Amino acid sequence: MKDFLNNIIKSIKDYFSKGEESVLGIDISSSSIKVVQLRKKRGRAVLETYGEIALGAYADVENGRATKLSTQKTAEALTDLIRESKVTAKKCGVSVPLSSSLLKIIKIPAVSEKQLKEIVPIEARKYIPVPITEVHLDWNVIPKETSYSEDGEVQKADKIEVMIVAIHKEIINMYTDVLSQNNLESSFFEIELFATTRSVLSRGIKPVMIFDFGVSTTKLYIVEEGIIRESHIVNRGSQDLTLALSKSLGISFDEAEGSKRTTGLVKKTESEEESTENTSAIIEYIFSEVERTIVDYQVKYNKSIVKIVLTGGGVLLKNIVEKTSEKFKIEVELADPFKKVEAPAFLEEILKRAGPEFAVAVGVALRKLEEQE
């Protein structure tokens with residue numbers, strides 16, 4: 001198996017001649033670390049290598065469970081992944097979990113840029129639950145649709161919308177230490193939802209929901225005209241399904257994880273297919289939060305969601321696309337972030353299957369490539 005993976009990686013590198021400097025996108029989640037190495041050639045993002053390492057073994061738990069590793073253990077896991085994936089890039093970007101950050105859209109009076117720099121930090125304090133000195137704060141004014149008076153003149157807005165973004169310095173310091181131990185240099189730390197949006201959505205003006213089914217949580221983002229309008233965390237994830245399946249069927253966590261991916265939420269026996277109340281309840285809870293988020297958005301903006309894009313390792317659950325589409329009666333698709341990069345044709349199906357799990361890492365790598373322009 002190891003030789004097979006090494007041959008795939010070598011084939012990717014041999015497929016293209018040398019181009020610009022390679023860059024690395026790193027996604028450190030609660031259950032795994034993922035990396036994607038890209039470089040640019042003739043204006044195209046070219047895939048050089050990618051890889052994933054489960055963190056269960058570093059925390060003495062089953063793979064597929066959420067963990068909380070020390071800085072040293074995280075650095076060790078990243079070292080192993082870099083070696084196994086044959087990563088060569090030293091310049092990178094890193095994603096930050098939504099749970100370790102804060103994202104809020106606020107309305108403030110329309111003021112000059114100079115006044116904005118004074119007002120935003122003051123307003124941000126109302127929403128950040130820790131001292132402002134403990135976070136890295138950034139913000140961005142959201143473009144507003146131009147409105148006109150009856151005589152055709154442009155109307156100036158009294159209020160503007162500002163997206164404030166805060167990341168706790170503690171996690172940035174921890175990630176910086178992990179990178180330092182691996183001789184990597186990061187020029188930015190980006191909240192995962194921005195990376196996901198970059199990699200899984202194309203340009204469009206209609207509202208789309210990203211349904212990110214993670215291990216311990218599910219993240220819901222609504223994006224309109226490239227702007228993240230809403231974000232919501234649901235405290236249920238794929239490991240909850242696995243644990244419920246394990247308990248209901250009397251099998252190990254590892255067996256339940258495999259069963260979940262191959263047969264979905266049912267266990268095939270000789271006589272019947274048996275669904276479990278616990279797993280159904282978890283899915284229904286997550287779906288109810290999805291529905292509430294969609295309805296709240298529709299009421300607030302008087303606009304309908306036109307599509308749901310499924311991403312995250314949890315969406316590898318069999319039949320999840322069909323179940324989601326049946327529930328919400330709108331278009332549903334699996335994320336395919338690798339379609340934004342160039343790779344050998346023989347890897348197309350492999351990358352398509354792996355895509356939902358690598359959305360964040362691909363998105364981070366794409367931003368890092370943009371810095372070369």
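The values are calculated or read from the model by the stated rules, or taken from the named source; none is laboratory data. Worth saying up front: this structure is predicted, and the values here are computed from it rather than measured. Here the Cβ is made from the backbone with ideal geometry for all residues, glycine too, and neighbour counts use every protein chain on show.
For the stretch 46-56, check the following and say yes or no: at least one residue is surrounded by fewer than 19 Cβ atoms within 10 Å (Cβ to Cβ) and touching a residue at least 60 places away in the same chain (Cβ under 8 Å). Taking every residue of the stretch 46-56 in turn, none turns out to be surrounded by fewer than 19 Cβ atoms within 10 Å (Cβ to Cβ) and touching a residue at least 60 places away in the same chain (Cβ under 8 Å). Picking from residues in the stretch 126-171 that are at pLDDT 90 or above and farther than 20 Å from SER231 by Cβ, the one that is surrounded by the most Cβ atoms within 10 Å (Cβ to Cβ) is LYS169. Looking only at the stretch 340-373, residues that are charged (D, E, K, R) and in contact with an Asp or Glu (Cβ under 9 Å, 6 or more places away or on another chain) come to 3 in all.
Residues of the stretch 209-259 that are small (Gly, Ala, Ser), at pLDDT below 90, over 20 Å from ILE142 (Cα atoms) and touching a Leu at 6+ places or on another chain (Cβ under 8 Å): ALA256, SER259. For the stretch 292-343, a tally of residues being closer than 27 Å to THR242 by Cα, in contact with a Leu (Cβ under 9 Å, 6 or more places away or on another chain) and outside any helix (DSSP H, G or I) returns 11. Here is a check on your reading of the model: is ILE282 more than 30 Å from ARG367 (Cα to Cα), in the same structural domain as GLN239 (by TED's automatic domain parsing), in a helix (DSSP H, G or I) and touching a residue at least 40 places away in the same chain (Cβ under 8 Å)? Yes; evaluated as a whole, the condition is true for this residue. All conditions in (1) surrounded by 14 or more Cβ atoms within 10 Å (Cβ to Cβ); (2) among the aliphatic types (A, V, I, L, M); (3) closer than 30 Å to TYR58 by Cβ; (4) not assigned by TED's automatic domain parsing to the domain that holds SER30 hold for ILE106, with the sole exception of (3). Which one of these does VAL341 not meet: (1) modelled with pLDDT of 95 or more; (2) in contact with a Pro (Cβ under 6 Å, 6 or more places away or on another chain)? Here VAL341 meets the rest and fails (2). Each residue in the stretch 62-78 was checked for being over 22 Å from the mean Cα position of the chain (by Cα) and surrounded by 15 or more Cβ atoms within 10 Å (Cβ to Cβ), and 3 pass. If the condition is being crowded, with 22+ Cβ neighbours inside 10 Å and assigned to a loop (DSSP other than H, G, I, E, B), then the stretch 218-248 contributes only GLY237.
Residues checked against (1) closer than 30 Å to ARG39 by Cα; (2) surrounded by 13 or more Cβ atoms within 10 Å (Cβ to Cβ); (3) free of Cβ contacts under 8 Å to residues at least 12 places away in the same chain; (4) over 17 Å from the mean Cα position of the chain (by Cα):
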site: GLN298; (1), (2), (3), (4): no, yes, yes, yes
site: TYR301; (1), (2), (3), (4): no, yes, no, yes
site: VAL309; (1), (2), (3), (4): yes, yes, no, no
site: LYS323; (1), (2), (3), (4): no, yes, no, yes
site: LEU334; (1), (2), (3), (4): yes, yes, no, no
site: LYS352; (1), (2), (3), (4): yes, yes, no, no
